[in-house]
Amino acid sequence: MITFDPERRLFHLRNESVSLVLCLRPDEEGTLELLMAYLGAPLHDPAACLHLINQGEGASFDSLRQALPYACPTEGRGDYRPALVCAVDQQGQRCTELFYEGHHIETGKPRLDGLPASYVEKTEEAETLEIILRDGLTGLTARLRYTLFAALPVIAASILYENGGKNPLTLTCAGSACVTLPGRYDLMHLHGAWAKERSVERLSPAVLTRCLSSSRGASGHEHNPFAVLAAPDADEFSGECVGAALMYSGDFQISADENAYGSTRLTLGLNPRTFCWRLGPGKSFQSPEALIAYSDAGLNAMSQALHSLIRKHVCRGYWRDRERPILINNWEATYFDFNHEKILQIARSAAETGIELFALDDGWFGKRNTDNCSLGDWVVNREKLPGGLSALAKAINDLGLKFGLWFEPEMVSPDSDLYRAHPDWCLHAEGRRRTTARNQLILDMSRKDVQDYVIEAVSGVLRSAPIAYVKWDMNRNFKEAGSALLTDGRQGEIGHRYMLGLYRVLEEITAAFPQVLFESCSGGGGRFDAGMLYYMPQTWTSDDTDAVERLRIQYGTSLCYPTSAMGAHVSAVPNHQAGRVTSMRTRGDVALGGNFGYELDLSAQTPEDMEEIRRQVKQVKALRRTTQQGTFTRLQSPFENNIAAWQFADENRVILCAYRVLNHPNAGPAFIRLKNVPEGVYTAPDGSNLSANDLMRAGVALSFPHGDFASRVMVFEKQTQNG
Ligand code: DGJ
């Protein structure tokens, strides 16, 4: 529920689990500024929090601005922390002032123009407050939108900027949301690189500004567009934390600033380092959306709120709630070295195990036998596949498997017919080298002609054969980025224009093929963000398929993203990335923590491993509703423990997954307590009956197979009322 108290000038967004209080405060001239007074557990009276805005009380007026919790801090007004907004006028003046003009409250949630955004299916699922702030001198208007989800401790925030003045403005900073919390908070974030994405880092409070960002043209492997402010005493199961994710797949910046008055500000938005936007009179600019989740019961509750939000209010379409197929992907089995017969050989073995879908990876098109050519030429390679995709798809369908295909549509190889025909279609800076990475250039997705080409090229292939799944890859980042079509000093807009173009392409293609399951990928998990999940409900988590490495990667990813978003495959040993040998059982038990699949040559496995694979496939089919859509709880972190554990729960069962990395002889038994088990009586794997409380209070003993890299999955089936 959202209310406005005109006397006390307070906005209160409140449901059963969160309150957000915004207030209007007259400045020294009586104009009203917007402050964020409170984000936390529900308040009865919003005025109860007003003392919290007076962090700088006693400070000289000059310092007061450095202490106030502005909801939309602007540049040049004596608040020296990171700003959310800076609009530069024609004289180069950066000072931006935004004062209250009006507001309105509506049920439901408006869509964002051209950008992915969380959504509701019924208006009663959310309410939206729009507060209008205006700069009287330049005419810049900022429409701050806060949507409160009725059943979740989550607020979605974004800003629509409009130039209502007579002169052009340049937005050099057009942020999405600012959250200020009184007090000192740990900053948690997910960092990494190729094959080691999303490690959890927790930093103690410090009077500093710290920035997470990407300037790569993609959200990137390095930092994820997600951060947590956690109370220093917060852990997985208790304490306050706020998790904030930016729903955007390009350059972003999240800053966390703690000031001398002991308050902590988080800003989220486009990366000002690589962004500027000319906003002519009458024009508007929509910021991406920030998703902000509050928990007073620790990190798991925060993650679970984000998981629910992403599953039900970010992901869309046919596959949103459906069980995802068990797939086999040929990348690590063959790399570029395959032909029709080899693929069928793997598919035959897959069919025999019950695997449901074959995904043909890179190398099926142009003359691509290595990574140095043909991106952009989406025409089947008849030397490898003489009957084309339709014959291969049919043969695979005849085996009882669906057929899926890899694309990298945003790229062009210099050695391609597309590049020879349209050398100006790639991102480039006039007069500079066109530096390749992985021998490829990036198509200029800001151009309508390029967007139309990509839509038609991909759609044409999808129409040519029964293709049920697409892996949408993106394997390099921006360098010398510019567009041949951007004039008038607008080259600084390329990063965001690229994303708007890409989002249009994704919208059109996914809408035209609603039953195709799309999985995004970027050199593994280099573009794992809520923006991509709006179009494609799952993402390839990492090119690192080693089971031990995956414990950390999947654990870290779960801080923000649900397991239904994570691709997880069993691959061959020694593992291609880590060289480690783990058992087929352990590899399967780790992959159970995501959208399960295989990525190895099934036709070359031992009979014992094939037997184990058949068992896994059967198990995944029985359990995947729970592992993909149930409540996921982290129990023991692989970053801190030799034994990592997590749990899935729904109305049917609880599944405990535990992984012991190294074996220590004579170590004694390990025990673990389950958490938040739904009430009821459960049948344990040994046939005993245990209540939810038994499982949570006494816990269970973990017996692992002998040796390193061992795993144990225990399923506790809930008994029905009548037995
Ligand atoms: C990078 C992806 O992450 C891999 O899974 C594979 O699809 C290769 N690209 C293919 O080039």
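A few comments on the model shown:
- Pairing each residue of segment 88-100 that is acidic (Asp, Glu) with any residue that is buried (at least 18 other Cβ atoms within 10 Å of the Cβ) and part of a loop (DSSP other than H, G, I, E, B), provided the two are 6+ apart or on different chains, yields C-beta distances under 8 Å for 89/138; 97/135.
- When residues in segment 551-570 are screened for being assigned to a helix (DSSP H, G or I) and either within 14 Å of the ligand (Cβ to nearest atom) or closer than 23 Å to residue 506 by Cβ (or both), 5 of them pass.
- Inter-residue pairs, beta-carbon under 6 Å, first on the phi > 0 side of the Ramachandran plot and in segment 507-530, second acidic (Asp, Glu) and within 16 Å of the ligand (Cβ to nearest atom), 6+ apart: 524/543
- Against the test of being touching a strand residue (DSSP E or B) at 6+ places or on another chain (Cβ under 6 Å), closer than 25 Å to residue 512 by Cα and more than 16 Å from the ligand (Cβ to nearest atom), the options 324, 320, 316 yield a single qualifying residue, 324.
- Index of the failed condition, residue 649 passing every other in (1) within 23 Å of the chain's Cα centre (by Cα); (2) hydrophobic (A, V, I, L, M, F, W, C); (3) surrounded by fewer than 18 Cβ atoms within 10 Å (Cβ to Cβ): (3)
- Any hit, segment 469-479, residues being away from the ligand (no atom under 16 Å from the Cβ), in contact with a Ser or Thr (Cβ under 6 Å, 6 or more places away or on another chain) and charged (D, E, K, R): yes
- Restricting segment 377-413 to residues that are among the polar types (S, T, N, Q) and in a helix (DSSP H, G or I), the residue that is farthest from residue 338 (Cα to Cα): 397
- Condition check for residue 454: without any contact (Cβ under 8 Å) to a residue 60 or more places away in the chain, hydrophobic (A, V, I, L, M, F, W, C) and touching a Pro at 6+ places or on another chain (Cβ under 6 Å): yes
- Of all the residues in segment 16-33, those that are in a strand (DSSP E or B) and farther than 21 Å from residue 183 by Cβ number 4.
- Here is the figure for segment 468-522: residues that are closer than 14 Å to residue 445 by Cα and of a type in the set (Val, Ile, Thr) total 2.
- Candidate set from segment 373-389 (those that are among the small types (Gly, Ala, Ser) and within 28 Å of residue 326 (Cα to Cα)); member that is nearest to the ligand (Cβ to nearest atom): 388
- The listed residue being over 29 Å from residue 360 (Cβ atoms) and either away from the ligand (no atom under 16 Å from the Cβ) or modelled with pLDDT of 95 or more (or both), out of 502, 486: 486
A quick yes/no check of all residues on (1) more than 16 Å from the ligand (Cβ to nearest atom); (2) of a type in the set (Gly, Ala, Ser); (3) touching a Ser or Thr at 6+ places or on another chain (Cβ under 6 Å):
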site	(1), (2), (3)
339	yes, no, no
371	no, no, no
391	yes, yes, no
399	yes, no, no
407	no, no, no
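- Exactly one residue among 528, 518 is within 13 Å of the ligand (Cβ to nearest atom) and of a type outside the set (D, E, K, R), and that residue is 528.
- Against the test of being of a type in the set (Lys, Arg) and surrounded by fewer than 24 Cβ atoms within 10 Å (Cβ to Cβ), the options 527, 552 yield a single qualifying residue, 552.
- Any chance residue 423 is farther than 20 Å from residue 567 by Cβ and either surrounded by 19 or more Cβ atoms within 10 Å (Cβ to Cβ) or more than 16 Å from the ligand (Cβ to nearest atom) (or both): yes
The values are calculated or read from the model by the stated rules, or taken from the named source; none is laboratory data. What you see is a predicted model; the values in this text were computed from it and never measured. Glycine also receives a Cβ, built like all others from the backbone with ideal geometry; neighbour counts cover every protein chain displayed.
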